Each structure stands twice: as structure tokens, then as C-alpha cells.
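The values are calculated or read from the model by the stated rules, or taken from the named source; none is laboratory data. The model shown is predicted, which means the values in this text are computed figures rather than measured ones. We place every Cβ from the backbone using ideal geometry, glycine too, and count neighbours over all the protein chains shown. We work out accessible area using only protein heavy atoms, side chains counted, and drop any ligands, DNA or RNA first. Shrake-Rupley method; radii C 1.70, N 1.55, O 1.52, S 1.80 Å.
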Number of protein chains: 2
Amino acid sequence: MHIVLLSGGAGKRLWPLSNEALSKQFLKILKKPNGEHESMVQRVMRQIMETNPNSNVYVSCGSAQTEVLGSQLGNIETILVPSRRDTFPAIALAAAYLHYVKKLDKSETFVVCPIDHFVSNKYFERFSKVEELVKSGQNAIGTLGTVPTHPSDSYGYILRDGEKVIKFVEKPTINKAEELMRNNALWNCGVFAFRIGYILDRAKEHMKFDSFDTFYNRYTKLPKISIDFEVIEKEPSIGCAVYDELWKDIGTWDEFASQMSEPFLGNNVFISECENTHVLNMLDIPVIANDLESAVVVVGYDGILVSSKKGASNLKSVVDKIHLRPMYEQRRWGDYRVLEYKRDNGVSSLVKRIHMNVGQSMSYQYHEKRNEALVIISGKAIITIDDVDSVVAPGDVIPIPPKTKHTLLAATDFEFIEVQLGTSELEEEDIVRLT
Amino acid sequence: MHIVLLSGGAGKRLWPLSNEALSKQFLKILKKPNGEHESMVQRVMRQIMETNPNSNVYVSCGSAQTEVLGSQLGNIETILVPSRRDTFPAIALAAAYLHYVKKLDKSETFVVCPIDHFVSNKYFERFSKVEELVKSGQNAIGTLGTVPTHPSDSYGYILRDGEKVIKFVEKPTINKAEELMRNNALWNCGVFAFRIGYILDRAKEHMKFDSFDTFYNRYTKLPKISIDFEVIEKEPSIGCAVYDELWKDIGTWDEFASQMSEPFLGNNVFISECENTHVLNMLDIPVIANDLESAVVVVGYDGILVSSKKGASNLKSVVDKIHLRPMYEQRRWGDYRVLEYKRDNGVSSLVKRIHMNVGQSMSYQYHEKRNEALVIISGKAIITIDDVDSVVAPGDVIPIPPKTKHTLLAATDFEFIEVQLGTSELEEEDIVRLT
């Protein structure tokens, strides 16, 4: 089976844990069976490998996500979208990739799946049924629906007659949702199976292409539209498989809290006299939540959110007012946290704790104006300064004046403190990459 | 007039902003008329100088407070208590100091005043009346009462007949408080005037002394008891002055919030859809408070508190569970903030931002095991390393290996990042002070 995971862009709905550099599907805040934590994309990948071990998995994403994807999933095959244009263009690009690059026949099928849903393994076991709906020749498209637990006005519904879809109803009123439930409608999971040629034909309605490159270069000719509006809702022949276990969209803190096995996540959390309250703490300092009801407290590197649960899904306009640099980023070579960023009387200083994974290296670079200093905390690395290599170890202190070429290659897992100092803002722009 | 300010010990009631190293009276969280912020002790001192410019002011405190007092008040005269033994011993020591050290006659009077109360200048103007009650020969003790605004069960009451105190009632029931208010009782402000000899006589009931030194050395012979229980409630002849303006005990977050002119203090605070909610933010990252009612959110270097206002006065048992090093301290030479303290696989690292005031110096010191590195951020200082002086300026990086003697003298206001690295915990104990 060929499975294309749709990895969406940065969202602010889980601020302060997700930021422009880290979308919610990369947050390692879900508990694995062994007690460790994993991200949504890691959880989905693990579940696919457990249920469909012979499948080929591809991730459709923007280039900004390749570093964190590599760090979380290892050698995953990505299909990079040239620009963000919604799900129809992304799925069409995936079809072109499978046909022109992977040389699959147009009659072959593939399954697309979002990474937003917290589900049991049975969800992924149902993918073969979704695919079979198309392979059998009975349907142009296969889809997956889950049994609603309550009449929600936040989801899309599938009205069906046996395995045949009658119609899709997007975000109905509560009254209408109750009626849909009485008629055995399902929530639309956003999982679809298509034949490759079927999707390429839809794309050809907008532009010509005869190779992956021409498709890629003409990508912006495709309309910015979802697969639901462009394809699904226009197709009369759709089959529907049913999934009837745990299904949660964890796009809001309220929804996220509802899947937490304990009322807290992180260290040094003290909850007293609270009801239906969840606390997440990513910082090292303690958090006390006292005498609160139905609240969520989220302490992240980028900020602190305290909200009622019901109000926590409606914060975009407030979060949009915040314009600060990300305080935590995952990169190809590891990750870093900003310990302090300060601008005082024209002097900018930035203190980072940087962690490099064994075997990884930074680009060879220099800065025009910025002073840097590194203090090695743990591990070993080879440092190259103006083309001279040496080994650095804990306790070593390395000044890097402006215009000094430098890079690091981590010989072990490697941690250091970096202090940047400049007279203007320490933008990432003052960096000349030589490799 | 001789005024003795009683500066109490570290309290946890205003956690996370007060800690073992910083009592609540030193928190710079009160707004001055010019918009800047000052601490309670600075506010009280400013108000005394505005109302009684010719008075002599002394601060009774423990030795742990001398550095921060010097930093906040400059050359203030302190009367250091040898150990913490409640207000009667502290006031008796102050009397002994005024008589034996300052050579005041036993017939002279002094006024004692706590630093817990947020009041208008008129409060301090009333001190001369409190003193006059004793000087006139009409009373053994003078005291100050304020007109209650509501029947509280948290305060002490003064029942009176004109200027004469009938009796003191400590923390009555609400019903009893209502009755006291109907009888024109006042809240006890904790301000008292005594003749020096009167207090020395009370101390002589417990021990002999004929000099300040003998008094000081026998200090622990005095009972651990408040001035109220040991002296005030036993004395039949007490006069009472009345103060009838703003009076707030800001010992809890609820009380503190009630004197805030705006619902927030600090930078990057975003409050939406909240009612009767106050947010204090000492960190650089933003805080969003959304859809909360009667809550307080306090974000400090030492931790984060989110609580209902009514529950915020009853947190001692929760705060007592927290055993982490202070993340911010004020010192004689300036202050510092811990940016990160981490223990990983036997490696301890501590990153501080240190600010030194111009003209101040550190002690000359070395460490047995700890590696340090300094990265200069702003200002200039003279650094002495193994008896050799040099000037350091922004961008300079100074490694300090174990056993290296070192000190700094700030030639201007001076800021640097210090990284400490060791294999055990980085306790302050690994420091050998040479000066």
C-alpha cells in the first residue's frame, strides 16, 4: 500500500507549544505505551508500521519541515510542495510523484491521511478496506468515517447507504448534527483512496504536464482549494469504510487535554484543589495551579497560556498580536532553546543551549558583525575555525569574533551554550553559509 | 523622631516572586507617582522622607538582608538581630541600640513600624501624634489605628474610648468584627511609640545587660514572642491615634492585586475576556490570560502561580513542597538571574546573567572543581586573574578553570553571562573567598 501523509503548516491553535518553526504534529507530548513521549507524526508512523508493515509511506510537506521530519522519523521519503496551496494541489503533486518518479501505473491506488487525529491502531488497519473500495471497481474514491460520539458542529459528516456515500455535510448546526446521527451518519476522517490516474485527470483540468518537473514548475496554476471541495463533493461514486474506536482531533487544548492520561505533563507541576484542569509545563521552573475549574495552563518556551477550556479554542486573534522570535526549534542537526534574548541600549544578546545529535554538523559559516562564544557542556565535537580542525570537550571556551569561519561536527551527542552579541538585532540574516 | 522599621524575614506568601533570598518587601512591583517601580521598603522610606524629613530611620533586620537593603536604600543604618526571635526581642534590641550605641536618654521616645502596609503619606504624618501620646505623659504607649472598611476576620482590632485604648481584639469572628465596627473599633496598624527605658525595663525582666554587647550576646534569653503579647496587651495605659485613609496589608496576592492600578504588571501580558483577574509577568516571554474569573496569574523567575484569588492566600503547604534554588537574587554588588540550571548524567551546568553596579566588586575567590566562563555583554570592568589585572569589554570571553583566583571590579554598570560547569551539583559551597 502507498500511503501519503499530509503534514500541514505551522498552526497557532496550540500556542505556546507550537510556533512558526514547530507545527503541532511535531510536539513530543503524547505518551507512548512504554511511558516515553512521542509526537503526533511519530505516533502515526509507529501505528502505520505496526498495522501495515509493508506499506510505502511518503510525507507531503513544505521544505521548512524537512529538518524536523528527518530528526523525528529518520529516512522518511518526502514529497515537497513548492508553496502552500491547500490539500488538492498537494495530493495531485503526490499522484504525479508516484507516477513519474516512483513509476507506478496510473491504475494503481494510494491512500492519503492527515496527521491530526489521535486514534487506535484499528484506524490504520481499515486503510486496506478503504483502498479495496476503489480496487474492487465499485467506487471512484474510498473514504473512512468514524461513528460520532456527540452531535458536534465542528466536524464534517458522511451520510451513507450501506457502503455507498450519499452526501457530505460540512459543520452542520447542532440540531442538524443530531438528525445526522439519527440517520447513522459518520464523521469524515479525511482519509481517502484514489487511483493515481483519477487524480492526475483532475489536475489536467487546470494545467498541462508530462513529467514531475513540469507538474512541479506549474504548481501555482492549481487552485488553492481543498480536496473536499475540488474532488470529493463533486464525485457521485464514493465508497465508505467504517472505523468505530477512539477518534480525537487534537487541534485545541481542550481536545488535547481530553486524551491526557494524567492531569499534568512535564516536571514540577503542583495541582491543588482543581477540578477538570490540565497543566503542561515545558520549563524547568515549577508551576502551581490552585483552586481552578475547567482550565488549562500551558507553559512553553514561547510563552504561557492560562485559559478556560471552552475559551482555549478561540485564541487566534490574541496569539496573532505576539511577534517574538521562536524560543525553541528542532533542526536537522538537533535542537536549540533560547535561554535569553535581550535588547538593551542598542546591545543585543542571545543565549542559547544547543544540542547536536551524534554525527551531525552545522554549515560552515561566518558572521559579518556578530560576536559569538561557545562554552562546551557535554560530549565531544570537532570544531573547524578558519580551516583548522581541533577537538573540543566539556569546559572548553571558544570565542568566535566577526568574520571567523566556523563549524562543528558532533563526535558524540554534544551540548553547548552559545552567546551571541551584536549591536543590532541578532537576526538569522547575519550568517554567510560556506557549505 | 527616631523611627525603627521592622523588616521581617523571607515569606512564601508571595511566591513565586518572594523567595528565601528575597522577602516581599524588596520586590519592586509597586508603581511610583512617576510611573517607575519601587519596592515596599523603598516606598515606606520615600514616604517617611516626604513626611518626616528630619527623622532618623533605622532598619531592624537579619544579616541576610543587608545586601539588598544597601542596594535599595543606600546608606541606611541597620540594627542586625543575631537570630530570628519575633518582634519583642527585635524592638528591645533596637531600644538597647538607641540607648547604648546612639547615646539617647532612656526618657526619649522611638516609633516602630512594620513594612507590610500600603498606605498614604498621611499615615506617616500621624507618627508625630503617636509619639505625642507618650511624650505628653498621658500614656505609657502610643499606637495607631485605622478605620476598618469591612468586618474582616484577618486583622487585630483596637476598642477605644476617645484617645484611650480599652482593649485589643485579635482576629475576631466576622460577627464579632461587625460588633467591633459598630463600636468604632479600629484596625491595629502595628505602629507603636515607646520610651526607650520602658522597653529596656521589659527586657530586664528576662535578662541582665549593661551594654549593647551584653544585650546582643544574651539575645536568645529573650522569649520568642510578639510585642503585642509580651507588652501591648499587658499595658493598661495606651493612647491611640487615628488614621483614616488608604490602608492595605499586601501579604497575599489578592490583597496585592487590589492595589494595582492596572490589571497587569510586566511586559507582554495579554488579557482577554477576563473578569477581576490580575496578571504579573517578570519573564521575557508573553503571557495570555483568557476567559478567567477572579484569578491571579504570577509568572516569576522561581515559578508560576495560577490561582483563584480567594485560594491564593492559602498556598503555604503547596509552596513548601518546592525545593529549588532561587533563580533571582539581589546582592550587595548588583543582582543576577539564573537563565538555566541543569543536571544531566552527572554534569551540572548553570547559566547566569549577572549585573554589577558601577564601582562594586566581587570577592576575590577561586573554585576547587568548577569550570567557569564569562562572556561580557555590556560595560567595562577590571578583571583580576591570578593577581594580574586587565580591562574587559563587550565581546570578551574569559575562561576560568578550577583553582584560578579571580575577581571583577565594575568600572561602569556591567553585565555578563556566566556559565558554570561541574561534575557535581554547583552549590555555592565550592567557593574559596580570599577577600
Candidate aspartates and glutamates for bridging to B:K221, where Cα separation is under 20 Å - those fewer than 8 sequence places away on the same chain excluded
B:D86, B:D201, B:E205, B:D210, B:D213, B:E230
³J(HN,Hα) computed for each position of region B:226-242 - Karplus, 6.51 cos²θ - 1.76 cosθ + 1.60, integer Hz, glycine/proline x
7, 4, 4, 6, 7, 10, 4, 6, 8, 8, x, 10, 10, x, 9, 9, 10
Cα lying deepest toward the dipole's positive end in the protein assembly as shown, options B:I271, B:N75, A:G311, charges on Cβ:
A:G311
What percent antiparallel are the DSSP beta bridges of the protein assembly as shown, to the nearest 5?
70
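Past the 25 angstrom mark, what percentage of all C-alpha to C-alpha distances in region B:159-281 do you count?
When all Cα pairs of region B:159-281 are counted, 52 percent exceed 25 Å.
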Stokes-Einstein D for region B:1-125 at 10 °C, 1.306 mPa s, Kirkwood Rh over Cα pairs, in µm²/s?
105
Nearest-first distances (nm) between copies at B:Q138, label 7 Å from Cα via Cβ
10.2
Let me check something: with ligands and nucleic acids excluded, how do B:Y243, B:Y216 order by accessible area (1.4 Å probe), largest to smallest?
B:Y216, B:Y243
Give a quick list of GluC sites (Glu not before Pro) in region A:1-107 that DSSP marks as loop, anything other than H, G, I, E or B, with at most 15 other Cβ atoms within 10 Å.
A:E20, A:E36
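Using a 1.4 Å probe on protein heavy atoms only, how many Å² of accessible area do B and A hide from each other, summed over both chains and rounded to 100?
So the total buried area for this chain pair works out to about 4400 Å².
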For the charge dipole of region A:209-298, defined by +1 on Lys and Arg C-beta atoms and -1 on Asp and Glu C-beta atoms about the Cα centroid, which residue among A:V297, A:F215, A:N281 has the Cα displaced farthest towards the positive pole?
A:F215
With each pseudo-label sitting 7 Å past Cα toward Cβ, what's the B:E163-B:D213 distance in nm, one decimal?
4.3
In what sequence, largest accessible area first, do B:M362, B:M49 appear using a 1.4 Å probe?
B:M49, B:M362
Rounded to the nearest whole Å², what accessible area per residue is found for region A:66-113 with the 1.4 Å probe?
39
Chain B Cβ-axis minimum, rotational copy A, residue and distance in Å
B:L339, 2
For A:Y364, label point 7 Å along C-beta direction: distances to other copies, nm
4.7
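Determine the percent antiparallel among the DSSP beta bridges restricted to chain A, to the nearest 5.
Percentage antiparallel, nearest 5: 70.
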Using alpha carbon coordinates only, what is the Rg to Rh ratio of region A:225-345, with Rh defined as the Kirkwood radius?
1.10
To the nearest 20 Debye, how big is the dipole of region B:171-263 about its Cα centre, given +1 on the beta carbon of each Lys and Arg and -1 on that of each Asp and Glu?
560
Partner chain coverage, peptide A:416-422 - average Cβ within 10 angstrom:
5
For residues of A:369-377, the mean tally of beta carbons on other chains within 10 Å:
6
Strictly over 21 Å apart at the Cα level, which of A:K103/A:K208; A:K24/A:K176; A:K28/B:K352; A:K12/A:K32; A:K129/A:K164; B:K171/B:K234 would you flag in this model?
A:K24/A:K176; A:K28/B:K352; A:K12/A:K32
For q values of 0.06, 0.10 Å⁻¹, compute log₁₀ I(q)/I(0) with the Debye formula on a Cα-only model of chain A, without solvent.
-0.31, -0.83
Heavy-atom accessible area per residue of region B:201-358, all protein chains kept, 1.4 Å probe, expressed in Å², is 44
R0 = 45 Å: FRET efficiency of B:K176 with B:E77, Cβ-based, nearest 0.05?
0.65
Run through region A:117-220 and list the GluC sites (Glu not before Pro) located in a DSSP loop whose Cβ has at most 12 other Cβ atoms within 10 Å.
A:E205
Mind checking region A:345-386 for trypsin sites (Lys or Arg not before Pro) that DSSP puts in a loop (not H, G, I, E or B) and that have at most 12 other Cβ atoms within 10 Å?
A:K369
For A:L246, label point 7 Å along C-beta direction: distances to other copies, nm
5.4
With -39,500 (n - 2.57) per DSSP H segment of 4 or more residues and division by the full residue count of chain B, the 222 nm estimate, nearest 500 deg cm²/dmol, is -5000 deg cm²/dmol
Starting from the Kirkwood Rh over alpha-carbon pairs, what translational D in µm² s⁻¹ does the protein assembly as shown have by Stokes-Einstein at 20 °C and 1.002 mPa s?
67
